[in-house]
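Since the structure comes first, as C-alpha cells, the remarks are kept for the end.
Derivation of every value follows stated rules applied to the coordinates shown; laboratory data play no part. All figures in this text were calculated on a predicted structure; none of them were measured in a lab. Here the Cβ is made from the backbone with ideal geometry for all residues, glycine too, and neighbour counts use every protein chain on show.
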Amino acid sequence: MDFDPSVVGISSQPFWLHWHDGERERRHAPDYFVRRADGSAMVVDVRADDRIEPKDAEAFEVTRLVCAQAEWRFERLGIPDAVLLANVRWLSRYRHPRCLHDPAATRLRETFATRGPLMAGADAAGDRLSTLPVLFHLLWLQELTPEDMTAELLGPRTIVHLASGVGR
C-alpha cells in the first residue's frame, strides 16, 4: 500500500470490533486502515485464501458490514505476488527524498522517455554510482516504470520507460 500513490496514510490494527455471534462475545482488529488522496477510506484484512476458517470469514463479514455503515471500502487481500513484493521491497530502500538529485533525475527522465534497459539507461545518464539511486527513487515514485513489476525481478536488462503523463 505504501507503493500506491493514491494512499496518503496507513494505520496498522487501527481499531477493535466487538460483537456477539449468538454463542459468545467475539472481537476482531482489522489489519489496516487506509486513507486515500481523494479523502476516501478503506479497511484491509490480509489473509491467504487457504487460511480462512469459518470464524475468520465471519469476522471479515462483520468488518465489511461495519465499513459499509461508515461508507468505507473493505478489502480482504491474499498473498501478494512474490516478484512484485520483492521489487517493491527493493525500491522501498530508495524511497527517501535524499535519493533524488538533479540533474541526474532530469537526465534519467530524458533517457527513459524512450524505452530501454535499466542499466544502459543509468549509464547513459551519467556515472551509475550516482544515477542508480536516483533511478530507483524515480521508480519508487512511479515517474519511471518497468514494463511489468510482476514479470521479473528488477535487473540490468529490465525495460524501463517514463510513466504516462510524466514530463510529456
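Below is a table of values for the structure above.
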quantity	calculated
With Cα atoms, 0 to 90° folded angle of helix 82-92 axis to the chain main axis	60
Value of relative contact order over segment 7-77, rounded to a whole percent, pairs C-alpha under 8 Å and six or more apart	27
Restricting segment 1-64 to GluC sites (Glu not before Pro) in coil, as DSSP defines it, with at most 13 other Cβ within 10 Å	GLU23
Rounded to 5, percent antiparallel among DSSP beta bridges of the chain	80
Hypothetical label at ASP81: residues of segment 138-156 whose amide nitrogen lies under 15 Å (7 Å Cα-Cβ projection)	145-155
Nearest-20 debye value, segment 82-162 charge dipole, Cβ charges on Lys, Arg, Asp, Glu	220
Sparse-neighbour loop sites [trypsin sites (Lys or Arg not before Pro); segment 12-44; at most 16 other C-beta within 10 Å; DSSP]	ARG24
Mean Cα-pair separation over length for segment 57-168, i.e. relative contact order, pairs under 8 Å, 6 or more apart, %	29
Per-residue HN-Hα couplings for segment 20-27 [Karplus 6.51, -1.76, 1.60; θ = phi - 60°; Hz; x = Gly/Pro]	10, 8, x, 10, 7, 6, 10, 8
Förster radius 22 Å - calculated FRET efficiency between THR106 and SER164, Cβ distance, rounded to 0.05	0.75
Centroid-to-centroid separation of segment 40-100 and segment 121-168 [C-alpha atoms, Å]	26
Under 13 Å, Cβ to Cβ, from ALA105 - net charge with Lys/Arg +1 and Asp/Glu -1	0
Charge dipole (debye, nearest 20) of segment 13-56; +1 at Cβ of Lys and Arg, -1 at Cβ of Asp and Glu	220
Neighbour cut-off at most 13 other Cβ (10 Å), DSSP loop, chymotrypsin sites (Phe, Trp or Tyr not before Pro), segment 1-100	PHE15, TRP16
